[in-house]
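Participant: Handing you a structure now.
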Amino acid sequence: MKKLLEIAKENIKNAYVPYSKFRVSAVLELKNGEIYKGINVENASYGLSNCAERSALFAAYSNGVRKEDIKRILVYTDKDYFVSPCGACRQVIRELMEDDASVIMANSKGEFKELLNIELLPHGFTEKDL
Ligand code: THU
């Protein structure tokens, strides 16, 4: 967990946040130890901004990773409180990671909060509903 936090802290500088100035960094760890990183990327058309969690997951999927390969995701902000994934990210995490995969929130004090994917979005709409 400490290693993931160090990677997230180092990479948060890459957040593209000219509008909110709110930096978020996400690190995805695969079961084989590989790492994918993501940051939030904003746009002048605000609604087109992409969160760090989705950036990390889309980078991994773009390289052929699938849910069974993923161990956990860590979400870091440089705030002294926990920031939890937004609703859109919960929906995407729910589908692109396994139900029992961990979602870890980390803050600037080095504290962690860990939840399972299924706990983050219970009663979600999934591919099973289609
Ligand atoms: N943001 C994330 O990257 N992840 C979240 O789960 C919550 C929000 C970003 C989106 C936007 O760039 C900034 O934080 C402020 O909303």
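The values are calculated or read from the model by the stated rules, or taken from the named source; none is laboratory data. Just so it is clear, the structure is predicted and the values come from calculations on it, not from any experiment. Positions of Cβ are backbone-derived with ideal geometry, glycine not excepted, and every protein chain shown enters the neighbour counts. What goes into the accessible areas is simple: the full protein's heavy atoms, side chains included, and nothing from ligands, DNA or RNA. Shrake-Rupley method; radii C 1.70, N 1.55, O 1.52, S 1.80 Å.
Participant: So, Thr126, is that one at pLDDT below 95 and either among the polar types (S, T, N, Q) or within 15 Å of Leu28 (Cα to Cα) (or both) or not?
Facilitator: yes
Participant: If the requirement is being within 13 Å of the ligand (Cβ to nearest atom), basic (Lys, Arg) and in contact (Cβ under 8 Å) with a residue 24 or more places away in the chain, which of these qualifies: Lys79, Lys67?
Facilitator: One residue alone meets the criteria, Lys79.
Participant: A further question on this structure: Would you point out the residue of the stretch 18-49, among those that are over 16 Å from Val83 (Cα atoms) and within 8 Å of the ligand (Cβ to nearest atom), that is most open to solvent (accessible area, probe 1.4 Å)?
Facilitator: Taking the stretch 18-49 as the starting set, the residues that turn out to be over 16 Å from Val83 (Cα atoms) are 18-19, 28-37, 41-49.
Add one more test, that the residue is within 8 Å of the ligand (Cβ to nearest atom), and what stays is 19, 41-42, 49.
Values: Tyr19: 103, Val41: 63, Glu42: 25, Ser49: 37 Å².
Filtering the stretch 18-49 for residues that are over 16 Å from Val83 (Cα atoms) and within 8 Å of the ligand (Cβ to nearest atom), the one most open to solvent (accessible area, probe 1.4 Å) comes out as Tyr19.
Participant: I want to confirm something. Restricting to the stretch 62-95 and keeping residues that are in a helix (DSSP H, G or I) and among the small types (Gly, Ala, Ser), which single residue is surrounded by the most Cβ atoms within 10 Å (Cβ to Cβ)?
Facilitator: Among them, the one singled out is Ala88.
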